[in-house]
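The structure under discussion appears below in the form of structure tokens.
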Amino acid sequence: MSVDDIMAEVIADIDFYANSNGGITLSGGEPLLDVCFVIELLERCRDEGINRCVETSGFLPSEQFMQVLPLIDTLLFDYKITGLVMHQQYTGVTDELILANLDAAYHFGVPVILRCPIIPGINDTDEHFKGIRRLDEKYPHFKGIELLPYHSMGNSKRTSIGIKPTLSDLKSATPDLSEKWLEQLRQLKCEKVKIG
């Protein structure tokens, strides 16, 4: 789709945004892989007075990330796992650039909601929960922190298109387990955390 195509869809709902304080959210995959497209779309939405939210892993060159920040009203920033080695093991990249971009967004003044996907047996560790708490301490004006408990709904979709699920042995997090994680973080004095 072109920016014009998307704007035609967005403008059709402009009355809804005005009455609900809503707007657009760019998510993915990773929407910031095409920074030029995103910038044009966000500028057009800004010109129409439409609220703009972007969800990102934060893994893109800092120069490009800084170009987008002035156009964002709310940033949903993924924080997947604590520790350089573990981050490299599970995501294929280190967390240095991601953390630098998080710091840049926070200090630029963009309202940030830290989104933390939690996968049982992978990152539901004391170290990761302490890492989330350290970020909460370092950035006390986060707009929020959301735990996103793992679910296996995507496995059936992958299977239906002939792709083997990569985490097929993992089970979805139960509501009880999700509440346990929430309580762990609250015991660490992470007060603004909630289940997303």
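Taking the conditions (1) in contact with a strand residue (DSSP E or B) (Cβ under 9 Å, 6 or more places away or on another chain); (2) in contact (Cβ under 8 Å) with a residue 40 or more places away in the chain; (3) not basic (Lys, Arg) in turn, LEU114 satisfies each one other than (2). Number of residues in the stretch 90-125 that are small (Gly, Ala, Ser), out of contact with any helix residue (DSSP H, G or I) (no Cβ under 9 Å at 6 or more places or on another chain) and surrounded by 15 or more Cβ atoms within 10 Å (Cβ to Cβ): the value is 0. Tell me, please, whether a residue that is touching a helix residue (DSSP H, G or I) at 6+ places or on another chain (Cβ under 6 Å) and of a type in the set (Gly, Ala, Ser) can be found in the stretch 14-31. The answer is yes, given that some residue of the stretch 14-31 is touching a helix residue (DSSP H, G or I) at 6+ places or on another chain (Cβ under 6 Å) and of a type in the set (Gly, Ala, Ser). Could you please let me know if PRO175 is at pLDDT below 95 and surrounded by 14 or more Cβ atoms within 10 Å (Cβ to Cβ)? Judged against the criteria, PRO175 is not a match. Each residue in the stretch 15-46 was checked for being surrounded by 15 or more Cβ atoms within 10 Å (Cβ to Cβ) and either farther than 25 Å from LEU60 by Cα or free of Cβ contacts under 8 Å to residues at least 12 places away in the same chain (or both), and 1 of them qualify. Out of all the residues in the stretch 102-113, is one or more over 16 Å from the mean Cα position of the chain (by Cα) and assigned to a loop (DSSP other than H, G, I, E, B)? The answer is yes; a qualifying residue exists.
In the stretch 49-66, is there at least one residue being without any contact (Cβ under 8 Å) to a residue 60 or more places away in the chain, surrounded by fewer than 20 Cβ atoms within 10 Å (Cβ to Cβ) and among the β-branched types (Val, Ile, Thr)? So far as the stretch 49-66 goes, no, none of its residues is without any contact (Cβ under 8 Å) to a residue 60 or more places away in the chain, surrounded by fewer than 20 Cβ atoms within 10 Å (Cβ to Cβ) and among the β-branched types (Val, Ile, Thr).
The values are calculated or read from the model by the stated rules, or taken from the named source; none is laboratory data. Keep in mind that this is a model prediction, so the values were computed, not measured. Quick reminder, even Gly has a Cβ in these numbers, built from the backbone with ideal geometry, and neighbours come from all protein chains shown.
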